[in-house]
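J.: One structure is given below, represented as structure tokens, and several questions about it will come after.
Rule-based calculations on the coordinates, nothing more; no lab input. What you see is a predicted model, and the numbers here were worked out from it, not measured in a lab. Cβ coordinates were reconstructed from backbone atoms using ideal geometry, including for glycine residues, and neighbour counts include every protein chain displayed.
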Amino acid sequence: MTTKRESVAVTRLIPAVAQSAPDPAARRKPSSNPVERVTAVEMGARQREISVSEFFTKNRHLLGFDNPRKALLTCVKEAVDNALDACEEAGILPDVTVRLEVVPIDGVTAPATQATRFRLTVTDNGPGIVRQQIPRIFAKLLYGSKFHRLRMSRGQQGIGISAAGMYAQLTTGKPVRIISRTGPRAAAHFFEVQIDTKKNEPLVHESKQIDWDQPQGTQVTLEVEGRYQKGRASVDEWLEQTSIANPHARLIYHTPEGETKEYVRAYHEMPPSPREIKPHPYGIEFGMFLKMLQDTKSHTVAGFLASDFCRISPSLADEMCKAAKVTPAMKPRDLKGSAAETLYRTIQHTKIMAPPTNCLSPIGEKAILSGLYKQIKGEFYTAVTRPPAVYRGNPFVIEAGLAYGRRSDEQNKPEKPIAPKAEGEHEEDDVELARVIRYANRVPLLYQQSACATFKAVLGLSWKNYGVAQSRGALPAGPMVIFVHMASVWVPFTSESKEAIADYDEIHKEITLALRECGRRLGLYLRRRERAASEYRRRNIFELYIEEVVEACNRLKGGKVPKEKLKKQLQHIALSRTGGTKTDEVLGKTGGGPEGLPHSIIVTESGVESEVSVASESGPEQASEASETRAGHRDEAAGGGSPSESKSGGSKHLNRGQSPGKPTAKGSRTGLFGGWTDGKDKADQALSWSAKRAAHARRGTTA
Amino acid sequence: MTTKAKKPTPVEKKLVGLADLVIQAAERSKDPTLQIPIRALSNVSFNERKGMIEMGEKKQARSFFNVGMAKKFMQTMLVADALAELQRAELTTSLREIYYRTKHTIKDSHENTFDTQDESDPIIEDLEVSLAALREELHVRAENAGSIVGPVVFGDDGDRVDCSKLGKGGYSVPSIVEPEYLEIRRCTADFVLLVEKGTQWNRLSEDKFWRRYNCILLTGNGQPPRGVRRLARRLHEEWRLPIYVLVDNDPWGYYIYSVVKQGSINLAFESQRMAIPKAKFIGLSSADPERYGLPRNVGIKLNDKDMARAKELMNYQWFKKPAWQAEIKRMLTSGLKYELDALANKDFQYLTKQYLPRKLRERDWLD
Ligand SMILES: Nc1ncnc2c1ncn2[C@@H]1O[C@H](COP(=O)(O)OP(=O)(O)O)[C@@H](O)[C@H]1O
Ligand SMILES: [Mg+2]
């Protein structure tokens, strides 16, 4: 990682601080009550610089540390985000281990759900961090590599991991411990650092070389106050959702309860590396514009416009200066007040080309499918990546996905033992609502769902058009997970805590278009399934009653009926009257691909139909295969396809259980629809094995 | 079940025939199909000459391999099986017991063979009509819901029952009154008065109306059950007694009378053994309130359903006689219906002492 890291002025980042700094008396409305008046001198005596750490203490909630439960999640999130960002930037398929342990208090280790103090350790196989930088990264707020550029990444403000470190320091007094190694030939360094909260500067407690069993990467350990609880908005949920949107990553999670969950790598290609871009003039606010005028290295206003923004050519810069009656050769630092404002307005009213979009790295339809399939049990999966679009000068891409239904083995599994029903009793059908999982730059958003543009777009869509029930103003009903991802160099959040995406028209429209396409495919699938299922139901009805009729006939005839023969004869008639083998085919019992449903996976009783290879894990023996796949895709990309256009040819059908099951995948699919059974896991293992073989066979023929 | 080899009854043979039908169809890869006569107005006709409703020829196919019918077909077989069991065991049973006997959860499912008795009752009627077997022959009895009092002597299971010596409660009419089960040993009455309501029957019995007018008082507590209708028919046929029907003055009362007289639409095939074409409608007539000076305030306003039902009755062929058209029209024009109980407005014993004596004296009835 070569990008320079530097300190960021606080005022640029936190409006609350910026606003409190100037003399507040000047802005104060004249009060009618003279008794309350305070002189400027008195106030001046109270005005002083606010240290960031002080600011943090008072505004923890802005950074996601409002309560112990959320704080624990935020710490995990900041560390894992950094690990994934660093790996991706360095072109390494991420291997991230998260370990959450209960810290004993006075020698007593509380059960995880009652404990108040935790040790969090996150280890990655990324590029590592050079020794000199370590203290500032982990013990200086607003220090990072990602703020001073417009590039898509998880972290943005250089406030993440150091804020977590600050939280640790404030709640347990323990320093942040770091191990980092930049390569097998470099030494591993161990650090213990804390923040000098007055000066916002690192205090190094310990710094030494150590032996580390890992050739490369970084390990961060924090000791924090927190609460561990499963369920909604939990660490567990966040990691699971992270694994859905990052199927190229392998995550291992040691829970505080002593379990180990492994989220396998289901997709073996690195996401295309996003390029850095300069800001587009439409996306800059006036205050920022003024700041940029001060900071620029250009000597003329025209030069500043042409070099510090994208899509402004020197001639366009001249033109705009003239239109705003600003001398193009004027020094940027001298442009102030109304003249600056006129230029700013002129720029906003000039037609300027949309920003380039190669700075974005969408997940991609195939990767989304792999992620959904890996973690969510369903019958139907689909994914859509929209072409790039722009809001306020910021390019963005919307991606949506759907996982629908219950896996058939789950359907057949009786939830309760069959109890004869009494008169007036019925099977109660509880209404299950769809679940929305939201992402910004591949990071799951777990809070403030109803404020989020993605959620609003889901509610706004008429799901009834696609055969899914929906009551007014509610989520669609059914066993369904709706996935929405926004990738952008600058994701507009509704608040500092980055929990919900702001509902810009352009963004809303793109989300709607993506969801609509997913819905349309789901509708096709449901209709097709319904047709086959009704035939199947007919046959089922007959099969159900044949037994009864045969028994009744036998009793009527005094027990002298050849029962088996009569049953066979009747079953034969039933089969011929319910579409026979044709129904089997539609039901996916015999084969056939998911025609007309691009980028979809359909799971049936006997197998998986898909265009993408699903759920295969890269064990050591598969390493070469994985790189092969990656190379293949590089070629394809070079062929001119944008990520969303690239499609793999053909579809295939995998028969579950046909191939000898070699247990390789340990995918802990906690399943959003319910629990797993042991027998099920075996079937999945067999599946992933056969998927790999099929993928291998295909490559063999095209080579 | 009995082990001794007995000759199967004709009904049992018919029931076993259903199993044969299934076996033969399966043999030929055909869909097993039962032909069930349709039990609806569309499939009955009124035989003017005989004065009764007769069932037409229209039949409905019930096939096993038809999604809409599969369950009913299966249920039909289960009921047939239960009925055959009754035949072999020489037992009689109720509709409700048949329901419980045939109800179970189908193997490997949550589904019951029958969910309510409403599903099994019509199947029994289906079998009655398609096998042309009376319910009594199927050994299925209805509730005992009738009473009789008067100068008649029965033999019931060897017991002598003299209905003139049973106080005001009388004898409870069994649901099966075929000669094998109930013998009419002696009868000296001059006529039978079939009363719709138990309350009015009580009034007449308490007042010993039957002794004074030498008649038999019979009631079915509402729509007379099969046992009551069949007994009236036997008294009429075997002892040549005229039958007079006394009902409330409302469309339901008219209908009760018509069922006694020419049979029901639902089980039209039973008219042969149930209908009494010569039965007379003695009251309450829509002309009575005026003739007997009943005040308007003891009438009840006809509701929409009453009016619709009355108009429907006017369209039945057996109500086409001018006198009947006038009778029903008069009710509709007055907009009121009257209960028999309303006669008490004049005097508690008005029915016994004034109304009926005058009716009989004036021979004021409708045919
Ligand atoms: N695990 C890591 N491996 C390599 N570099 C890291 C790692 N964690 C953090 N960094 C570096 O430290 C910087 C600061 O991180 P952070 O405080 O989380 O801010 P942000 O992620 O918003 O830039 C990052 O920009 C990155 O350059
Ligand atoms: Mg970060």
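J.: Dipole of region A:56-258, Cα-centred, from +1 at each Lys and Arg C-beta and -1 at each Asp and Glu C-beta, to the nearest 20 debye?
T.: 580 debye
J.: Continuing with the same structure: Would you look at the GNM of chain B, springs on alpha carbons closer than 10 Å, and say which of B:Lys305, B:Lys72, B:Lys337 moves the most?
T.: So, out of B:Lys305, B:Lys72, B:Lys337, the one fluctuating most is B:Lys305.
J.: Next question, about the same structure. How much of the DSSP beta bridge set in region B:143-229 is antiparallel, as a percent to the nearest 5? Could you put the intermediate results ahead of the total?
T.: On the way: 15 of 20 bridges.
Rounded to the nearest five, the antiparallel share is 75 percent.
J.: Quote the FRET efficiency, to the nearest 0.05, computed for A:Ala451 versus A:Glu506 with a Förster distance R0 of 25 Å and r equal to the Cβ-Cβ distance. Could the numbers behind the result be given before it?
T.: On the way: r = 18 Å, r/R0 = 0.72.
The calculated FRET efficiency here is 0.90.
J.: If you don't mind, another one. Short version: ³J(HN,Hα) in whole Hz for each residue of region B:191-198, in order, from phi by Karplus 6.51 cos²θ - 1.76 cosθ + 1.60 (θ = phi - 60°), x for Gly and Pro, what are they?
T.: After applying 6.51 cos²θ - 1.76 cosθ + 1.60, I find 7, 10, 10, 9, 9, 5, 9, x Hz.
J.: A further question on this structure: Full extension from A:Lys208 to A:Ala533: what is 0.36 nm times the residue separation minus their Cα-Cα distance, to one decimal in nm?
T.: Values: separation 325, 0.36 × 325 = 117.00 nm, distance 6.69 nm.
So the chain would gain 110.3 nm between A:Lys208 and A:Ala533.
J.: Also, quick follow-up: Largest first and to the nearest Å, give the Cα extent of chain B along each principal axis.
T.: 72, 49, 42
J.: Dividing the alpha-carbon radius of gyration of region A:281-353 by 2.2 N^0.38 Å (N being the number of residues), what value is obtained?
T.: Details: Rg = 10.5 Å, N = 73, 2.2 N^0.38 = 11.2 Å.
The value comes to 0.93.
J.: Something else: Translational D (Stokes-Einstein, µm²/s) of region A:56-258 at 20 °C and 1.002 mPa s when Rh comes from the Kirkwood sum over C-alpha pairs?
T.: Numbers: Rh = 17.1 Å.
For the chosen part, D equals 126 µm²/s.
J.: Which pairs, out of B:Lys280/B:Lys346; B:Lys58/B:Lys337; A:Lys70/A:Lys261, put more than 32 Å between their alpha-carbon atoms?
T.: Working: B:Lys280/B:Lys346 25 Å; B:Lys58/B:Lys337 37 Å; A:Lys70/A:Lys261 21 Å.
Where the Cα-Cα span goes over 32 Å, the pairs concerned are B:Lys58/B:Lys337.
J.: Turning to a different aspect of this structure: Amide H neighbours of A:Val436 under 5 Å, counting only residues 5+ apart in sequence or on other chains, H built in-plane at 1.01 Å?
T.: A:Ile482
J.: So if we plug the beta-carbon distance of B:Lys320 and B:Glu125 into 1/(1 + (r/R0)^6) with R0 = 30 Å, what FRET efficiency do we get, rounded to 0.05? Don't jump to the answer; show the numbers that get you there.
T.: Details: r = 27 Å, r/R0 = 0.92.
So, using R0 = 30 Å, E works out to roughly 0.65.
J.: Once amide H atoms are placed 1.01 Å from N in the peptide plane, what residues at a sequence separation of 5 or more from B:Met52, or on another chain, have their amide H within under 5 Å of its amide H?
T.: Long-range HN contacts for B:Met52: B:Asn47.
J.: Right, another one. What percent do you get for the relative contact order of region A:56-258 when only Cα pairs under 8 Å and 6+ apart count?
T.: On the way: 428 pairs, mean separation 57.8, N = 203.
Here the relative contact order equals 28 percent.
J.: I've got another one for you. Which whole-Hz couplings ³J(HN,Hα) result when phi for each residue of region B:73-89 is put into the Karplus expression 6.51 cos²θ - 1.76 cosθ + 1.60, θ = phi - 60°, listed in order with x for Gly and Pro?
T.: 4, 4, 5, 4, 5, 5, 5, 4, 4, 5, 5, 5, 4, 4, 4, 5, 8
J.: Just need log10 I(q)/I(0) for region B:146-362 at q = 0.09, 0.10 Å⁻¹, Debye formula, equal scatterers on the alpha-carbon atoms, no solvent, rounded to two decimals.
T.: Ignoring solvent entirely, the Cα scatterers give -0.35, -0.43.
J.: I've got another one for you. Grab the eigenvalues of the alpha-carbon gyration tensor for region B:153-228, scale each by 5, take roots, and send me the semi-axes largest first in whole angstrom. It would help to have the intermediate numbers written out before the result.
T.: Working: eigenvalues 78, 49, 22 Å².
Taking √(5λ) for each Cα gyration eigenvalue gives 20, 16, 11 Å.
J.: Right, here's the next one. Check which residues have an amide H placed less than 5 Å from B:Val195's amide H, if you skip close sequence neighbours.
T.: B:Leu218, B:Thr219, B:Gly220, B:Leu246
J.: Another question about this same structure. Which of the pairs B:Lys301/B:Lys359; B:Lys278/B:Lys301; B:Lys7/B:Lys278; B:Lys261/B:Lys359; B:Lys311/B:Lys359; A:Lys140/A:Lys230 have their Cα atoms more than 29 Å apart in this structure? Write down the numbers at each step before the final one.
T.: Working: B:Lys301/B:Lys359 25 Å; B:Lys278/B:Lys301 31 Å; B:Lys7/B:Lys278 39 Å; B:Lys261/B:Lys359 20 Å; B:Lys311/B:Lys359 27 Å; A:Lys140/A:Lys230 32 Å.
Violating the 29 Å limit, Cα to Cα: B:Lys278/B:Lys301; B:Lys7/B:Lys278; A:Lys140/A:Lys230.
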